Amino acid sequence: IRQHREIHVVMGNEACDLDSTVSALALAYFLAQSSPAPKAAFVPVLNIPRADFALRTETTFLLRDQGIPAASLIFRDEIDLGGLHQAGLLSLTLVDHHVLPGADAALEEAVVEVLDHRPLERDRGPPCQVTVEPVGSCATLVTERILQGPPGVLDRTTAALLHGTILLDCINLSPAAGKVTPRDVACVALLEERFPELPARDAVFRALQAAKFDVTGVCARAVSPSPWGQEGALGLISGHLPGLTTEQMLRKDLKVLSGDEMLVAISGIFEDLETFLRRPGLLQDLEAFCQARGYAGLVAMTVSFNQHHEPTRKLAVFSRQEPLRGTLCRALEEATTPSLLLQPLPSPWPCVAAYAQGNAVAARKKVLPILRAAL
């Protein structure tokens, strides 16, 4: 601000999963490398506090493997976006989302570009450039953008980040998971053609999936100093870290919806719902988590995969406010775009409704608009 230098921030969504993180890093790097005599500084921002970064286990694993230290990253609590905007110095590109949460409403007019792969929930007029395409991974859209740019900008590190992200997001390009599209497949093939030394898809996916679902204290680490080298050898070793607390699990993949003066949390949980509901002290932990953050309710969405990469999804709705819990449950039960095909499951407490989700390909990005409309 003191130097009156324009800052062009590239930022993913508030869950800050691997797709959001890599999309922001790769697109900011591309813009910085390809913009003619840029007067702006291009800055990728991870949309979480730095203290939460360790919970994004698949992201920390991949960035560490690519030699990108956490100290080189900029987190949301380390940059004053509001101050930059008030000074007239902020341009904002959104990746992996296109609707800012209510707390960031003042930043809307700074948005100059959007790259997203979820259903369009709001229109943005010119001059904002909007690319919203139904692909499996936002990293696919970023890859396409980079490959259409000047030759030589894409380097091996960026390619490895994009390659791993698309494979994880699209469940190793498995049609059974219901996420992959021909454009995702094409981008993975193009990256492998450009960089044949990239590790084998199965090895990449297994390592990243193991890191993502690491909630028990088994720590995903590379078995060699350069596991993404010519050998393409990725592996896992066991560590002795304590398992995640319930509060950490709820924060690990968190999005927040705002309604009529109320907030509802949507947490992605990477273990089976029955296992999650049996966690000691869970009800007290849910209450404490919501009370501390001002959430009126919480929806926990669990996912697991069998050996054929077919997903099993379940969800739980928690709120001490019966009217809100009823509203959320009815919206989910009666949804038609898409229909979730919910089947009630036993719940230990009346304030928690549990369901098996028959439509297992309806991931969170398809459920969020249903809940947002209900609020």
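Read the figures in this text as sums done on the coordinates, not as results from a lab. Being a predicted model, the structure only gives us computed values, none of them experimental. All Cβ positions, even for glycine, are placed from backbone atoms using ideal geometry, and neighbour counts span all protein chains on display.
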Problem set entry | Segment residue 322-residue 197, length gained on full extension (0.36 nm per residue, minus Cα span) | 39.4 nm
Problem set entry | In the range 78-165, the trypsin sites (Lys or Arg not before Pro) that fall in loop regions by DSSP, at most 13 other Cβ within 10 Å | 122
For this session: Would you please put 81-89, 167-175, 184-192 in order of how densely packed they are, using the mean number of other Cβ atoms within 10 angstrom per residue and starting with the highest?
Result: 167-175, 184-192, 81-89
Seminar exercise, completed: Computed, not fitted: 222 nm per-residue ellipticity of the chain from DSSP H runs ≥ 4 (each -39500 (n - 2.57)), nearest 500, equal to -10500 deg cm²/dmol
Exercise. Between residue 35 and residue 287, what length in nm is gained on full extension when 0.36 nm per residue of separation is reduced by their alpha carbon distance?
Worked result: 85.9 nm
For this session: Would you mind computing, in nm to one decimal, how far apart the modelled labels at residue 72 and residue 310 are, each placed 7 Å from Cα along Cα→Cβ?
Result: 4.3
Problem set entry | Taking the chain and dividing mean pair separation by its residue count, relative contact order in percent (alpha carbons under 8 Å, at least six apart) | 12
For this session: With an 8 Å cut-off on Cα pairs and a minimum separation of 6 or more residues, tell me the relative contact order of the range 246-373 in percent.
Result: 20
Seminar exercise, completed: Spelling it out for residue 95: with amide H atoms placed in the peptide plane at 1.01 Å from N, the residues 5 or more places away or on another chain with amide H under 5 Å from its amide H are 11, 12, 115
For this session: Could you work out how far apart the two model spin labels at residue 262 and residue 123 are, taking each label as a point 7 Å from the Cα in the direction of the beta carbon, and quote it in nm?
Result: 3.1
Problem set entry | Tally of Lys pairs whose C-alpha atoms are under 27 Å apart, taken over the chain, 8 or more apart or cross-chain | 19
Exercise. How far is it, in nm, from the label point at residue 334 to the one at residue 54 when both lie 7 Å from their Cα along the line to the Cβ?
Worked result: 4.5
